[in-house]
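Asker: Just passing along the structure, written as structure tokens.
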Amino acid sequence: MDAKHIFRDAKDGCRWQDVDLLAYKEDGAAPFKAITRQVLFAEPELACELRYFEMAAGGYSTLERHEHAHGVMILRGHGTCLVGGHVRPVKPHDLVAIPPMTWHQFRAGGEAPMGFLCMVNARRDKPQLPTAEELAALKADPAIAAFLDGQFQ
Ligand code: MN
């Protein structure tokens with residue numbers, strides 16, 4: 001690996017040298033809003049990847065679950081996340097563990113962007129979206145219903 005790839009400079013606004021700003025997911029693949037993706041590490045020698053996701057104010061990631069796990073660190077901004085039956089406000093440098101087959105979603109607050117680092121298995125299964133029945137079961141909890149209806153901004 002040459003020095004050019006070993007060291008990459010940070011730029012302003014949570015961007016990095018030689019890291020492309022990508023769409024979060026393919027359009028229409030799943031519901032999401034105002035979120036971008038940057039892949040920071042995806043070397044074949046690693047069993048994991050490290051990505052940086054950023055949501056504009058009011059943006060949110062897909063509500064999903066899957067067999068693979070995530071390790072998340074909030075890097076900038078404030079917002080709220082859902083992990084399983086838990087709804088929690090999050091702030092810079094908070095850590096969030098997302099276990100396998102656990103519903104999860106991140107929502108930025110209404111004032112500013114929120115960005116987070118997300119570690120994920122290199123080999124991973126496709127995320128599942130909730131069925132209408134699963135969504136109704138989640139919304140049986142008033143705190144989760146309020147979160148999913150976007151009242152935590
Ligand atoms: Mn996920």
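Asker: If you place +1 on the Cβ of every Lys and Arg, -1 on the Cβ of every Asp and Glu, and leave all else neutral, what size is the dipole of the range 3-148 about its Cα centre, to the nearest 20 Debye?
Answerer: Values: 17 positive and 18 negative charges, 44 e Å.
Dipole about the Cα centre, nearest 20: 220 debye.
Asker: While we're here: What does the charge add up to near Leu135, with Lys and Arg as +1, Asp and Glu as -1, over the other residues with Cβ less than 15 Å from its Cβ?
Answerer: Values: positive: Arg65, Lys139; negative: Glu64, Glu133, Glu134, Asp141, Asp149.
With Lys, Arg at +1 and Asp, Glu at -1, the net is -3.
Asker: Excluding Trp16 itself, calculate the net charge of residues whose Cβ lies under 9 Å from the Cβ of Trp16, where each Lys or Arg counts +1 and each Asp or Glu counts -1. Kindly include the intermediate steps, with their values, before the conclusion.
Answerer: Numbers: positive: Arg8, Lys11, Arg15; negative: Asp9, Asp18.
So the environment of Trp16 carries a net charge of +1.
Asker: Name the residue from Ala112, Tyr52, Met1 whose Cα lies farthest towards the positive end of the charge dipole of the chain, charges +1 on Cβ of Lys and Arg and -1 on Cβ of Asp and Glu.
Answerer: Result: Ala112.
Asker: When only alpha-carbon atoms are used, what values of Rg and Dmax, in angstrom, describe the range 3-148?
Answerer: Spelled out, the Cα radius of gyration and Dmax of the range 3-148 are 15.4, 53 Å.
Asker: Separation of the range 1-73 and the range 93-153 by C-alpha centroid, Å?
Answerer: Cα centroid to Cα centroid, the span is 16 Å.
Where a number appears in this text, it was derived from the coordinates with a stated rule and is not lab data. For clarity, every value in this text was computed on a predicted model and none was experimentally measured. Heads up, the Cβs are rebuilt from the backbone with ideal geometry, glycines too, and the neighbour counts pull from every protein chain shown.
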